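*Asks:* Take this structure first; my questions come after.
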């Protein structure tokens, strides 16, 4: 028993500095952002789709900013953040998806695609430039203008999830 009392302080002297030397950043949001990263920036995503929803560009941009504000400890800057986002909306269209026997669509699909350039100044190998696409279906009996804002909100939420996971969660 005396030997254990003598050895225990030595073990603590070895283990505690080792544990303190490990530095990993964990959050409850699933983000794994390097501790050196302090800022993020999001440029306005221009709407280059053939059909233009006049509010989509600013709405999408603000939702992406809000995700990083609320789910990370990064501070927003105007330009050249440690995590920097830019890009454009490349697709916004409605197409029939469920054709019935009488060749009439039972459902339509709103699809939105964005091309994102993500620059990670801390870990450049994590940077990417790729497109993200999401959609929502709605009944063909519904007037598109009456359901459009709800559909856009759901699709943008999914797109922001995908972008956040690709850039901050390394999924």
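The values are calculated or read from the model by the stated rules, or taken from the named source; none is laboratory data. Note that this is a predicted model, so its numbers are computed, not measured. So basically every Cβ, Gly included, is an ideal-geometry build from the backbone, and we count neighbours across all protein chains shown.
*Asks:* Residue under question is residue 94, and the condition is that it be in contact (Cβ under 8 Å) with a residue 12 or more places away in the chain, within 13 Å of the chain's Cα centre (by Cα) and either over 26 Å from residue 54 (Cβ atoms) or part of a strand (DSSP E or B) (or both); does it hold?
*Replies:* For residue 94, the condition - in contact (Cβ under 8 Å) with a residue 12 or more places away in the chain, within 13 Å of the chain's Cα centre (by Cα) and either over 26 Å from residue 54 (Cβ atoms) or part of a strand (DSSP E or B) (or both) - is not met.
*Asks:* What's the total number of residues in region 72-87 that are more than 14 Å from the chain's Cα centre (by Cα) and either assigned to a strand (DSSP E or B) or at positive phi (or both)?
*Replies:* Residues flagged as more than 14 Å from the chain's Cα centre (by Cα) and either assigned to a strand (DSSP E or B) or at positive phi (or both) within region 72-87 amount to 3.
*Asks:* Working carefully through the options 117, 65, 125, find the one that is part of a strand (DSSP E or B) and under 22 Å from residue 32 (Cα atoms).
*Replies:* It is 117.
*Asks:* Also: If a residue has to be surrounded by fewer than 16 Cβ atoms within 10 Å (Cβ to Cβ) and touching a residue at least 40 places away in the same chain (Cβ under 8 Å) to count, how many in region 74-87 make the cut?
*Replies:* Qualifying residue count, region 74-87: 1.
*Asks:* Which of the residues belonging to region 158-167 are closer than 16 Å to residue 91 by Cα and out of contact with any strand residue (DSSP E or B) (no Cβ under 7 Å at 6 or more places or on another chain)?
*Replies:* Passing the criteria: only 160.
*Asks:* Right, another one. Within region 44-61, which residues are surrounded by fewer than 16 Cβ atoms within 10 Å (Cβ to Cβ) and either out of contact with any helix residue (DSSP H, G or I) (no Cβ under 7 Å at 6 or more places or on another chain) or on the phi > 0 side of the Ramachandran plot (or both)?
*Replies:* Answer for region 44-61, where residues must be surrounded by fewer than 16 Cβ atoms within 10 Å (Cβ to Cβ) and either out of contact with any helix residue (DSSP H, G or I) (no Cβ under 7 Å at 6 or more places or on another chain) or on the phi > 0 side of the Ramachandran plot (or both): 48, 50, 51, 52, 54, 55, 58.
*Asks:* Identify, by number, the condition in (1) within 13 Å of the chain's Cα centre (by Cα); (2) at pLDDT below 95 that residue 64 doesn't meet.
*Replies:* (2)
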